[in-house]
Amino acid sequence: MLTPDHAKRIVRLATLIFGMLLAAASALGQDLSAATSKSSSRFIDAVNGTTVEQAVARALKDNPELNAVRTDVEAGEALLRQAGSRPNPTLDVRGTKQFGGSDGSFMIEGGLPLELGGRRAARVAVAGKELEIRRLAAADRELQLAAEVRNKFGEVLAAVMKLQFAEKTLTLAKTNFDLVSAQVTEGRRPPLEQNMEIVELNRIRAMLEGAEAAAELRLLELKNLLGMDPKQPFMIRGDLGQMLDPIPPENTASERAIETRPDVAATRAMEELAAARSGQARAEGRIDGELMLGYQRMRSSFPLMDINSQTGALTTMNENMNFLTFGIKLMLPLRDRKEGMIAAAKLDEKAAHSRTEFSELTARREIAASYIRYERARRAFEIYRVGVRDQAAANLDVVRQTYEFGSKTLLDYIAEQRRFIETENGYIDALLEVFLARTEILKATNSAELTNK
């Protein structure tokens, strides 16, 4: 039996709990004001923000890694110029002096290497192929970087979409919380429902923080690709749903890509480089020569006496002789014909040919996989757009109305709201997957759209 003392204690406990709930609601309202002050608008500028094409152009201009690869190309150009240089001439200066006598000689001789057997042409061919490989590597890096920028740009847009959805969800949750709090105050709802709304509201706040962190991290990664400082202000603009233009037919794009993709072309250039090195090895194994031209002066004395025409004294007979020297010095490939280098170059050429065949197979596989990925992603997105997203929103609205009429419990409404949140995030993920799959097609087919060229 409930005594008056027990009744007073229950009333006091209920009053205390109700006061705590009101205090928590007040504190929560202050926290929500601070939380909602963080807006997704600091990521998006619909007027002055950077578009995806502008981001790609900026990355191709300012990315430090790409600039390093381009510097390698400049180094290759310098090496090509060096390969075309002719060898320096040689100069030989010599002299002789007789011990205890006056005999001696002096000789100066110059040499000009001839580079017989096509040595210079072979050297230039090797340097030219090495330069071509460097240029193709730079082109491939441009392709990869443009794809990375587009993908990261899409990820930023998707993260901002999730952030905007989280903000709308938080605003709606706060409205529901205020409504339930008012009903609890009026005695129309039990205090437990207000507590449940507090829990759900805090969960959505945590979801908002995670969505905002994801957007910030994706934006930092995009800045890194653009060669920007992390603290530098940067905003983007664009609609992920409006960036899904039609793709080229697979058959046409596949054949074109095999001929134009820089990574495939680089393997062909490697095969040609191996052939050029084989030719260089054969040239090095041929006879070579050096053209020689010089001047020699000799002073000789004879064991005979002569009379000086001026003094009439006896003197030793001396004679000074001047010579023009000329000739050719030959390098005879008798012991070393570069057989090992030639054999190694031929094996390298064979290996490079196998790599070329495999790179073409890989390119075809990547193209086929990208089209499969795109088709499946597009179908999944259409299912979300037509048969999931709108229906989930309608279901949530029905459950909310039935909850307000008393036919459903708050737990039913919260569960349906969580399903709707999951559905909306799944819709954004499906949209992003279509965008990423389309970018993969552009990269696999070496589309000019990817790099804005």
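Values in this text are rule-based calculations from the coordinates and carry no lab data. Being a predicted model, the structure only gives us computed values, none of them experimental. Quick reminder, even Gly has a Cβ in these numbers, built from the backbone with ideal geometry, and neighbours come from all protein chains shown.
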0 to 90° range, to nearest 10: angle between helix 119-186 axis and the chain longest Cα axis: 10 degrees
Helix axis angle, 339-383 relative to the chain longest principal axis, alpha carbon, degrees: 20 degrees
Sorted largest first, extent of the range 54-161 alpha carbons per principal axis (Å): 102, 31, 17
Candidate lysines for bridging to residue 350, where Cα separation is under 24 Å - those fewer than 8 sequence places away on the same chain excluded: 129, 338
Sequence-distant lysines (8 or more away, or on other chains) whose Cα lies within less than 27 Å of residue 174: 38, 162, 408
Highest-first arrangement of 390-402, 52-64, 137-149, where packing means the average Cβ count within 10 Å: 137-149, 52-64, 390-402
Rounded Å value of the spacing that divides the Cα centres of the range 435-453 and the range 71-122: 53 Å
Contact order normalised by residue count of the range 35-451, Cα under 8 Å, 6+ apart, percent: 23 percent
Once the Cα gyration tensor of the range 316-453 is diagonalised, semi-axes √(5λ) in Å: 81, 19, 14
Whole-number D in µm² s⁻¹ for the range 35-451, Kirkwood Cα-pair radius fed into Stokes-Einstein, 10 °C, 1.306 mPa s: 54 µm²/s
Separation between Cα centres of the range 158-204 and the range 239-304, rounded to whole Å: 69 Å
Ranked list, fewest to most other Cβ atoms within 10 Å of each Cβ, for 438, 299, 86, 256: 86, 256, 299, 438
Net charge contributed by nearby residues that have their C-beta within less than 12 Å of residue 263 (K/R +1, D/E -1): +1
Mean ellipticity per residue at 222 nm, deg cm²/dmol - from DSSP H runs of n ≥ 4 across the chain, formula -39500 (n - 2.57): -24000 deg cm²/dmol
FRET E, pair residue 372, residue 209, Förster distance 41 Å, beta-carbon r, rounded to 0.05: 0.65
Antiparallel DSSP beta bridges within the chain, as percent of all bridges there, nearest 5: 95 percent
